[in-house]
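Okay, structure first, notes after.
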Amino acid sequence: MAARKRKTKKLIPILLLLLFLTALGWFGYRWLALRKAKFTTYPEFGIPMPNEYEIHGIDVSRYQHIIAWEEVQKMQVSHIKIGFAFIKATEGIGNMDPQFPRNWRRAKSTNVVRGAYHFLLLRKMENYRLKTLSNV
């Protein structure tokens with residue numbers, strides 16, 4: 001009888017710990033799920049847009065071809081409006097995006113807030129450095 005009581009006394013803290021860890025895991029999962037951004041796909045934009053963000057923007061390069069910046073400036077669906085554009089200027093070493101001058105100029109003329117970026121793959125940069133250093 002005494003051995004049974006000792007086993008029960010040892011089992012209670014283990015069960016309480018398991019219950020606590022289960023509850024902690026469940027609350028942690030719910031907390032993470034609530035923090036995760038929620039998206040809605042609007043056909044007018046063609047991509048999922050985060051619901052709770054106050055500002056939205058686009059990233060453009062030569063792959064989007066000719067952009068109608070007047071339309072970008074007007075783009076608004078429900079409470080979502082395009083507020084800025086990141087425009088690809090260069091890629092790698094010395095490769096300028098052929099659409100950059102036009103996109104930069106037209107974005108400014110339509111009052112779209114703009115920023116330029118340089119696209120670089122580090123492995124290509126490393127290859128360039130190795131070729132350059134091997135010539136020294």
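The values are calculated or read from the model by the stated rules, or taken from the named source; none is laboratory data. Nothing here was measured: the structure is a model prediction, and the numbers come from that model. Glycine gets a Cβ as well: all are built from the backbone with ideal geometry, and neighbour counts include every protein chain shown.
Observations on the structure shown:
- Here the stretch 1-28 is the region considered, the condition is being modelled with pLDDT of 80 or more and not aliphatic (A, V, I, L, M), and the residue that is farthest from Glu52 (Cα to Cα) is Pro13.
- Just so you know, in the stretch 55-109 the residues that are acidic (Asp, Glu) and assigned to a strand (DSSP E or B) include one that is nearest to Tyr42 (Cα to Cα), and it is Asp59.
- Restricting the stretch 44-67 to residues that are among the aliphatic types (A, V, I, L, M) and out of contact with any helix residue (DSSP H, G or I) (no Cβ under 9 Å at 6 or more places or on another chain), the residue that is surrounded by the fewest Cβ atoms within 10 Å (Cβ to Cβ): Ile47
- Test: Val113 is of a type outside the set (Phe, Trp, Tyr), crowded, with 16+ Cβ neighbours inside 10 Å, out of contact with any Pro (no Cβ under 9 Å at 6 or more places or on another chain) and closer than 24 Å to Ala37 by Cβ: no
- Some residue of the stretch 62-79 being closer than 24 Å to Leu122 by Cβ, within 22 Å of the chain's Cα centre (by Cα) and either in the same structural domain as Leu122 (by TED's automatic domain parsing) or not basic (Lys, Arg) (or both): yes
- Hits in the stretch 68-89 (condition: among the hydrophobic types (A, V, I, L, M, F, W, C) and in contact with a helix residue (DSSP H, G or I) (Cβ under 7 Å, 6 or more places away or on another chain)): Trp69, Ile82, Ala85, Ile87, Ala89
- As a summary of the residue check, Leu24 satisfies the conditions (1) exposed (fewer than 10 other Cβ atoms within 10 Å of the Cβ); (2) over 29 Å from Leu122 (Cβ atoms) except for the one numbered (1).
- Residue that is at pLDDT below 90 and surrounded by 13 or more Cβ atoms within 10 Å (Cβ to Cβ), where the choices are Glu71, Glu126, Glu91: Glu91
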